[in-house]
Amino acid sequence: TLTVALTVFVAPSMTDTGALLEELGEHGITGTRGVGVMQTALSTLLGGTKTTQTELDSLGVKLTDASGNFVGMGSVISQLQPALSKMNQQQQTLALTNLFGASSAQVMQQVIAGGAAGYQKATDAISEQGSATEAAEKMAHSWQGEIKTAKAALSDLEITIGQKLLPVL
């Protein structure tokens, strides 16, 4: 008998990772440290280890929907908050260490304490920023954007020609 184990790769969206970074920043975790905390937290949560899965099962937290897609950090926070509220501090610390890793547990406890509404605020900020970026990209590809790009290219060409002719003159 041949048994094949199938590992499903679950990944957060760019909005989810950006929102988590935004939320970590609200708790004073920024820059390289913020990226490290986010990476550790998400890698541990989504890594599929037996310890993590056992903890998720005991808390009744589901990371994927019926199609196997990640439900998002907002949903995870919504599921974790009531489950953690029934625990004492020591139990919460152990559960969060199992879910997010020892180096991320304390900060993730603060994120979860902020609730789904706090995380949604961070998600909205990231989505709004993404919309502004998309609008700027569309503007850059409009006729005005194209004309400005052409003018800049012409200016660069003039400089290049000038640099070639200056030594000759």
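The values are calculated or read from the model by the stated rules, or taken from the named source; none is laboratory data. Note that this is a predicted model, so its numbers are computed, not measured. So basically every Cβ, Gly included, is an ideal-geometry build from the backbone, and we count neighbours across all protein chains shown. For the accessible areas, the whole protein counts, side chains as well, though only heavy atoms, and no ligand, DNA or RNA atoms are used. Shrake-Rupley method; radii C 1.70, N 1.55, O 1.52, S 1.80 Å.
Table for the structure above
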read-out: Restricting segment 24-37 to residues that are touching a residue at least 40 places away in the same chain (Cβ under 8 Å) and open to solvent by less than 60 Å² (accessible area, probe 1.4 Å), the residue that is farthest from the chain's Cα centre (by Cα); value: Ile29
read-out: Residue among Thr93, Thr44, Thr123 that alone is touching an Asp or Glu at 6+ places or on another chain (Cβ under 8 Å) and polar (S, T, N, Q); value: Thr123
read-out: Failed item in (1) touching a helix residue (DSSP H, G or I) at 6+ places or on another chain (Cβ under 7 Å); (2) part of a helix (DSSP H, G or I); (3) more than 19 Å from Ala11 (Cβ to Cβ); (4) open to solvent by less than 70 Å² (accessible area, probe 1.4 Å), with Gln120 passing the rest; value: (4)
read-out: Restricting segment 83-101 to residues that are of a type in the set (Gly, Ala, Ser) and over 17 Å from Gly47 (Cα atoms), the residue that is least open to solvent (accessible area, probe 1.4 Å); value: Ala83
read-out: Among the candidates Ser43, Ser67, Ser13, residue that is free of Cβ contacts under 8 Å to residues at least 40 places away in the same chain, open to solvent by 50 Å² or more (accessible area, probe 1.4 Å) and within 30 Å of Glu128 (Cα to Cα); value: Ser67
read-out: Filtered residue count, segment 29-72, keeping only those that are touching a helix residue (DSSP H, G or I) at 6+ places or on another chain (Cβ under 9 Å), of a type in the set (D, E, K, R) and part of a helix (DSSP H, G or I); value: 2
